[in-house]
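A.B. asks: Sharing a structure below in structure tokens format, with a few things to ask.
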């Protein structure tokens, strides 16, 4: 119940109490100052099977001072009740909202393909991938992996941003054995924007440097 409603109800109770006190005082009977009187409907007394109807009159007061004292006591009680209700803190309704749904990023693997080269300088292998950085969360990283083999000497592989011309030195990996071995670069950040990444190869001995496979792993 709000404070305003409690105050209104209390005032109505005061007005009602005042009306009852005034109405009762008007029924003051000096011969019977404090006791209620009873009247019996005599119309049914001659019939033993009928129950007499009894009307109970509300108590009267012996004097105006007594009535006024009762009125003041009632008002003091009501005012004390109103003061207590005013001290009750107003309850506020809190609205709980559900947290926004978090989309969990799943690691991705982008397969690039295979190639070979016997060039002693860095050469574009022809295998490439187009990646738009805006399609990924801000905190993702990438790792370049290559399956390498060479009969003699060393084979090197790396990524180059074909769109901007930037060489990604952090992706360089090498191997010096004829058995295919997968090599992984340190993790790195993809370049901003939409870019084409191409794999470059190099053979230090001029032997056939074989890239049996290459891939990009994108993770958090």
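A.B. asks: So which residues in the range 143-160 are crowded, with 24+ Cβ neighbours inside 10 Å and closer than 15 Å to residue 128 by Cα, if there are any at all?
C.D. replies: 144, 146, 157, 159
A.B. asks: Now, a different point. From 76, 134, grab the single residue that is assigned to a helix (DSSP H, G or I), in contact with a strand residue (DSSP E or B) (Cβ under 9 Å, 6 or more places away or on another chain) and modelled with pLDDT of 75 or more. First the steps, then the outcome.
C.D. replies: On the way: 76 fails: in contact with a strand residue (DSSP E or B) (Cβ under 9 Å, 6 or more places away or on another chain).
Only one candidate qualifies: 134.
A.B. asks: Let me ask something else about it. Among the listed residues 173, 167, which satisfies the condition of being closer than 18 Å to residue 128 by Cα, loosely packed, with under 15 Cβ neighbours inside 10 Å and in the same structural domain as residue 119 (by TED's automatic domain parsing)?
C.D. replies: One residue alone meets the criteria, 167.
A.B. asks: For the list (1) in a strand (DSSP E or B); (2) within 17 Å of residue 217 (Cβ to Cβ), I need the number of the one condition that residue 186 fails.
C.D. replies: Just one mismatch for residue 186, condition (1).
The values are calculated or read from the model by the stated rules, or taken from the named source; none is laboratory data. What you are looking at is a predicted structure, and each value in this text was computed from that prediction instead of being measured. As a convention, Cβ positions derive from the backbone with ideal geometry for all residues, glycine included, and neighbour counts pool all protein chains shown.
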